[in-house]
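The next block holds one structure in the form of structure tokens; read it before the comments.
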Amino acid sequence: MKNYKFYLIIIILSSFGCEGFLDEKPSKDLVVPSTVQDLRGLMDNQSYRMNNSPGLQLIGTDDVWTTAEGLLGYNSIETQNAYVWNEVIFEGPNSADWEVAYRQIFYANVVLDLAGDIEVSGSDEEDELREVKGTALFLRGRALFDVMEIFAAPYSKEDGEGLGVVIRTVPTITDKQTRSSSKECYEQILADLEEAVDLLPPISLFPTRPTQAAAYGMLARINLVIGNYEEAFQNASQVLNTGLTLMEYADMDSLRIYSFEQFNQEVIYHTVMTLQSFHSSNLTFIDSMLIDAYQEGDFRKKLFYRSSGVEGYNFKGSYAGDNNLFSGIALNEIYLILAESSVRLTRVEEGIGYLNHLLESRFDPALYEPISNSHSQEEALEIILMERRKELVFRGRRWSDLRRLNADPMLAKTLKRDLDGVEYILMPQSSRYVLPIPQEEIELNGLMQNQR
Amino acid sequence: MKSSYIFLLICYLIALGPVVGQENPSALVKGIVITDADELPLPGASVLKKGSLSSAISDAKGEFFLELPIGNHVLVVSYVGFQPQELEITVPTSETLQFRMKVDDLLMEGVEIVSTGYQELSKERATGSFAALDQQLVDRSVSTGILDRLDNVTSGLIFNKDQGSAGDISIRGTATIFSDAQPLIVIDNFPYDGPIESINPNDVERITVLKDAAAASIWGARAGNGVIVITTKSGKKGQGIRVSFNSNLTWIEELNPDYVPLISSPDMVEVERDMFDRGVYASRERSNSKPLLSPVVETLIALRDGLIGAEEAERQLDYYKGHSTRDDMAKYYYQQALRQQYSLGVSGGGDYYNYRAAVGYDHNAAGVVGNTDNRITLDLQNSWTAMDDKLTVGLGLYFVESQRSQSTQLPQGISSPYLRLADEFGNPNAIARQYRDGFTTQAEADGLVDWKYYPLQERNNLTNTRASQDIRTNLSFEYEILPGFTVSGLYQYWTNQTQGWELNDESTFYTRDLINTFTQREEGGLALAVPMGAIADQSWTKAVSHHFRTQLSYSNIWNDRHEFVGLAGFEAKQSDTNGGQDRYYGYDEELAASQPVDLANRYRRYHNNALATIPYGVSHTGLADRFLSYFANASYTLDRKYTVSASARKDASNLFGVETNMKGVPLWSAGGSWIVSEEDFYGMGWLPYLRLRATYGYNGNINRSVSAFTTAYYLAGSSNYVTGLPSLIILNPPNPELRWERIGITNLGLDFESKNARFSGSMEYYIKNGKDLIGDQPFPSSTGISQFRGNFADTQTQGVDLQLRSKILDRGFKWTTSLLFSWVKEEVTSYDVESLPSSYTAYGLGGAGVFPPPLTGYPLHAVFSYEWAGLDPDTGDPQGISEGVPSKDYTSLVYFGEVEDLVYHGSGRPTKFGAWMNTFSYKGFELSANISYRLGYYVRKQPLIYNNLYSGGTIYGDYAQRWQQPGDENLTDVPSFPSSQVSNRDTFYNRSSVNVEKGDNIRLQDIRLSYSMNKTTVWGIPFQRLEIYSYANNLGILWKKSDSYKDPDYQLSPALRQLSVGIRAEF
């Protein structure tokens, strides 16, 4: 009797007493990321905005205008500040655009950090791991570039020591970093993207995941911004080698509420701008000069815009297929980079050729007339830049273009706003082209604030 | 793990050792010591054979065994506070000797038995800090839930009102920041994981609250917030059959929807007219998403567009001005709630078998029409003794079935104060919700289903039920292996299952809205992506836990002056919870059939053409808890005067990502007590009882939200609206330095009682030092996170708990009074980082605050505000102070100032609180009234948010007091209505010092009136005892410091008055 009891208790105890007892996961959906799939999951996270880019700067460009009522209706004080280029922009200590970009960098750093510890079995997993590493490098480079475009002064080769932003390459959060120089930031951006080119796959199942072409496209975009025209041209040419083709706008239905499909054939890499209320407001109007610049037979006017009656036109032509504004890499931007960099490299004829190839797909064949390739370099550049503006409207490029083109007195532009009888002016190369660093970074990280 | 086996092996080897035989003819005598009044077992009573050294001490169940030679003897049982009992016996005897101990009126009021969940002790021998609620106090108030009954009768325990969650309890302040701050709840020896609503108060015998390290450290890593030990009723040995019945009815007053003032309908109409003229609605009017515009704005649009004339427009506006939606709410939704409670129990006990069987039924009709909940509880407790009382086996079963049904949902999306829910005949009115009236009318004409919302039609017509079954089974054995040595084992199986069922049929707005939203415009007409028919959501959870404990205890008394009680054991817990949710579209209730929908592809939303997937409505959860603990405690008493105690415990758990060597935490405590009045030199005859106590030790806290590794969780593909790919979210950056939270507690106590128990009480002083508390440290977002959770904070809480009781009159008319007073001071002693000023000013709004970040040198719940410089006399704008001068740069004021410049008010939680209860009785009548007080804290007023008006909402009633013209600044502090949105203006005003005031208040909490009779007082009644009682709760505020609040503890919804009547009978 006694022995029986004793054994019974020991049996009960043993059932609890194995080493694995305390190793049970407290919640099934929790993981310590340790497989390639886990890392892939971190990079695929749309809800945490891995495929987002900044969205506020658009309100400061000359592509848009609104009425006093429209401005009030945005119900966003930072948009109201950014519209008239106020000294103070953000209502609180944070900025969504800053936060999202650095979250992308953090996720990329976590992935790159963990990738070193993962043991892969088989070549499929090895390939997958390489691609995920490439994705993380791509994301880190792209996100840092996004921050530079908003929170650092435009890059100039003469003044590379100007202030850039914070470079972070490790996930350790206690590793304190201050602002690096502009030059160091671009070196970091280009190094990450160039390394990514070698790791990324030529094709991917989803345009939300970067490919080699996406990395080349991003490099082309960045090299154009910092004036490396030869590299921009080379990178863009690499994209063309993948055999992508332009859409024929003649085949598109302009009666649809949103003219384009998400993931359409021109999309190389999908990102959208972090949503702001002004993105989809019907009181956000397109600059009337821009509207007037579309010639007869240009389908873009019908596909990009919806007439809102007397005041003007609203935008409806996002490559994201809905009210989200597409800001990723698409083939039309690549053609424009090829055209501009060719002309900048004094290959005017070649540049006009690329432009004509693009325009041909945008026009009614009956009304299309190719642009003459006998223009001077200056004239050709002006034509190409105008076409760039008409083609890449609401794609998040205009703010960046204004910043870089203002360095050239020939291309510089003064922006004006008229609101309730008050005139606001943004001079070329104004310090207001650089948004203030979020106050939280100043207080907690001791960063130097941008002077506006 | 291995060491535990060895330990247990030793225990059992001792346990199974041969019993040494006796040579002289003698026999074992068995007895039980109980209190005469309550029949509670009295552990630790000393049993002595008169004129010899043979003695025994009663165990936790009040039982004792004594080896005596054959023959006649006299046994003397004595216990401090009771009259000694003598009994002549003849050995051998098979009878269980019963000693009913009568309270020594000259001394103590009675003895309190405290239960730690591991053992039962007389409070007399316990060194730690306990608050005990006996049966009478548990039964004093009337409620469906058990925890409510602790309010205002438990020393050191307070219900917090600052976080807005009901039942948020602190025992002796808060010693944690982000870990679970609620006390551990133990029911019948084991921590209870289920919903506390499952426990029927009628089945509860008593409650012990463990407050200091010595009392609670036996619960180790989960005891940092104190422990509430609930002991349920059971049959008593030698009791005879007893039937008890209790029933009561409670009425709760109807909610007054006007309790929180809101802008009046005429004001709102004027506000909207003004904003319309300023073009505020122009953008929304033209938005692609067709957002809702209020009826007033629609009228003004119609007037502007010439669709109606000015006269008609004015008529319509007057119509809106003349009505308040809240009147409709009162008329159609709120009602007096009624709660019914019935309980019937049978208990009894003989020499070998004790039992209790009880059934309880609760039916509550809620304060909203059509919503009810029910609870049935079934309680069966059995215990058997055998082998000369050496073996006790217990089997208990507690079963609860509860059901909640909500057939009414309060109207949703009501953003105007003048909407009419019914027409003049009381028929349901259509209300535009989400989208503009014109848009929904057109949509219906275009072939969609009706897109209007009829709140009254849905009243009483919804199907939303939730049922749960909770089963708790206990199996225990206790065996005395050697005199004084007892080995015991306890096992508990618990399971809780819930099933939820929510059916939104085609007539509900929810379903019609979803069908319409996903109606696709296709060539040739419309196509439905969400089928017609109901949408049904089914949810379930199933939790199962196994608890196992084994312990060896030893108690002995020798030479009549040494007493030792000790135990050591091992405990394991395994708990798993799984759950899920499913959704069915196109559900047909009659056929129980549903239809598939395409959840993978994205569809255009009808109103704005944005792409979206049909809501998936499926989710899964799986949680697991594992605990292994080793524990020991012992106490030794010398000469019944000096007691020392010590305890130790080690806990290990499966907390995620904690390094293996950190999975366990050792905690310990030590203490001592001294009955000064027993000393020969003690000469204070007026105070015949005086005892000093002191303890020190550590408790712990558990935090499930942190990890030493990079932790992430999986998001189902459904949340990834672009690609539908599963993805991961990082929860935690790695934190290799993660440690367990520990709380060091010092407790000093003094118990005393005057002659004739006229005046008695206790006073305790404690210091709690929280070490390595988990806190959030703000990080700049360039790190990729905004805050990081780690062991950042140290806190210190000190306080005093005072309990006084007095018998003021003790003749035919009795008057007793008892006073509870607690003082608590919490301070953050170290916290690495300072946050931005705005983080500190966010907390303090009564009922809806957020937890502030800790700041060194201030309480954990500190109320801060911005310095107020009055209203601008020209504009009525609020003004702050920046660099010594009035400023209206609100963004700088709110975010970019210095923390040192903030105004510090004080704690947001009461620092002094307690209750004063007076009880009067005469013959069978008893009247008791409890007055509670909460002092020394600050509350922020309801916010006034003008920006809400700009985004289409309403505003708090202070709007009527706003600044309107120069000169008003002398009459009011409420800012003017700004003509455009101004950054942080509302935030500054709402968090400024003008909006913080003292919350101090005294209220008449409750009154209880009862009449009871029993067989001895009223001849011929068929009851042992019969009590008729009435109880009124939440009677109102007697005094408050500030007139700015209706009730500082209930800003968002009132404390509703309750009245109960009931009857309790025992046969």
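Any idea what the relative contact order of chain A is, in percent, if you count C-alpha pairs under 8 Å spaced at least 6 apart?
Relative contact order, chain A: 18 percent.
Restricting to chain B, what percent of DSSP beta bridges are antiparallel, rounded to 5?
Percentage antiparallel, nearest 5: 95.
Over 26 Å between Cα atoms: which of A:28/B:573; B:331/B:998; B:50/B:807; B:814/B:912 fall into that group?
Table pairs above 26 Å Cα-Cα are B:331/B:998; B:50/B:807; B:814/B:912.
For chain B, what does the relative contact order come out to in percent, with C-alpha contacts under 8 Å and a separation of six or more?
Averaging sequence separation for qualifying contacts and normalising by length gives 10 percent for chain B.
Using the count of nearby Cβ atoms within 10 Å as a rough guide to exposure, how do B:59, A:146, A:253 rank from fewest to most?
A:253, B:59, A:146
Excluding residue B:817 itself, calculate the net charge of residues whose Cβ lies under 9 Å from the Cβ of residue B:817, where each Lys or Arg counts +1 and each Asp or Glu counts -1.
Residues close to residue B:817 contribute a combined charge of +2.
Could you list the trypsin sites (Lys or Arg not before Pro) in segment A:182-257 that lie in coil according to DSSP, counting only those with at most 15 other Cβ atoms within 10 Å of their Cβ?
Listed in order of number, the matching sites are A:256.
Hey, fewest Cβ within 10 Å first, where do B:562, B:546 land in order?
Ordered by Cβ neighbours within 10 Å, fewest first: B:562, B:546.
Mind putting a number on the dipole of chain B about its Cα centre? Charges go on the C-beta only, +1 for Lys and Arg and -1 for Asp and Glu, and I need it in Debye to the nearest 20.
Dipole size: approximately 2100 debye.
Taking the beta-carbon count within 10 Å as an exposure proxy, list B:805, B:934 from fewest neighbours to most.
The most exposed by this proxy come first: B:805, B:934.
Are there trypsin sites (Lys or Arg not before Pro) in segment A:129-158 that DSSP puts in a loop and that have at most 15 other Cβ atoms within 10 Å, and which ones?
A:157
Charges on Cβ only, +1 for Lys and Arg, -1 for Asp and Glu, centred on the Cα centroid of segment A:79-168; of A:120, A:84, A:109, which one is farthest towards the dipole's positive end?
Of the candidates, A:84 comes out farthest on the positive side.
Just going by the charge dipole of the protein assembly as shown, with Lys and Arg at +1 and Asp and Glu at -1 on Cβ, which of B:629, B:507, A:170 is farthest out on the positive end?
Sorting the options by dipole projection puts first B:629.
Restricting to DSSP H runs of at least four residues, report the calculated mean residue ellipticity at 222 nm for the protein assembly as shown, -39500 (n - 2.57) per run over all residues, nearest 500 deg cm²/dmol.
Theoretical 222 nm ellipticity from helices: -6000 deg cm²/dmol.
For the pair residue B:883/residue B:493, report the inter-label distance in nm, with labels modelled 7 Å from Cα in the Cβ direction.
For the pair residue B:883/residue B:493, the computed spacing is 7.5 nm.
Suppose every Lys and Arg Cβ carries +1 and every Asp and Glu Cβ carries -1, with no other charges. What dipole size does segment B:467-527 come out with about its Cα centre, to the nearest 20 debye?
Result for segment B:467-527 is approximately 160 debye, rounded to the nearest 20.
How far is the Cα center of segment B:350-413 from the Cα center of segment B:564-639, in Å?
Cα centroid of segment B:350-413 versus Cα centroid of segment B:564-639: 24 Å apart.
Quick one: compute the contact order of segment B:468-522, relative version, from alpha carbon pairs under 8 angstrom and 6+ residues apart, as a percent.
Computed over segment B:468-522, the figure is 32 percent.
Can you give me the angle between helix B:310-321 and the longest principal axis of chain B, using Cα atoms only, in degrees from 0 to 90, rounded to the nearest 10?
Compared with the principal axis, the helix lies near 0 degrees.
Determine the dipole magnitude for chain A: charges of +1 sit on the beta-carbon of Lys and Arg, -1 on that of Asp and Glu, nothing else is charged, the reference point is the Cα centre, and the result goes in debye to the nearest 20.
880
Which entries of A:390/A:416; B:941/B:1041; B:61/B:768; B:650/B:768; B:923/B:1015 show an alpha-carbon separation above 22 angstrom in the structure shown?
Flagged as over cut-off: B:61/B:768.
Positive end of the dipole of segment A:28-97, charges at C-beta (+1 Lys, Arg; -1 Asp, Glu), about the Cα centre: which of A:74, A:93, A:45 has its Cα farthest in that direction?
Ranked along the dipole, the leading option is A:45.
Computed from the coordinates by the stated procedures, all read-outs in this text should not be read as laboratory data. Predicted model only: the values in this text are computed from it and were never measured. Glycine gets a Cβ as well: all are built from the backbone with ideal geometry, and neighbour counts include every protein chain shown.
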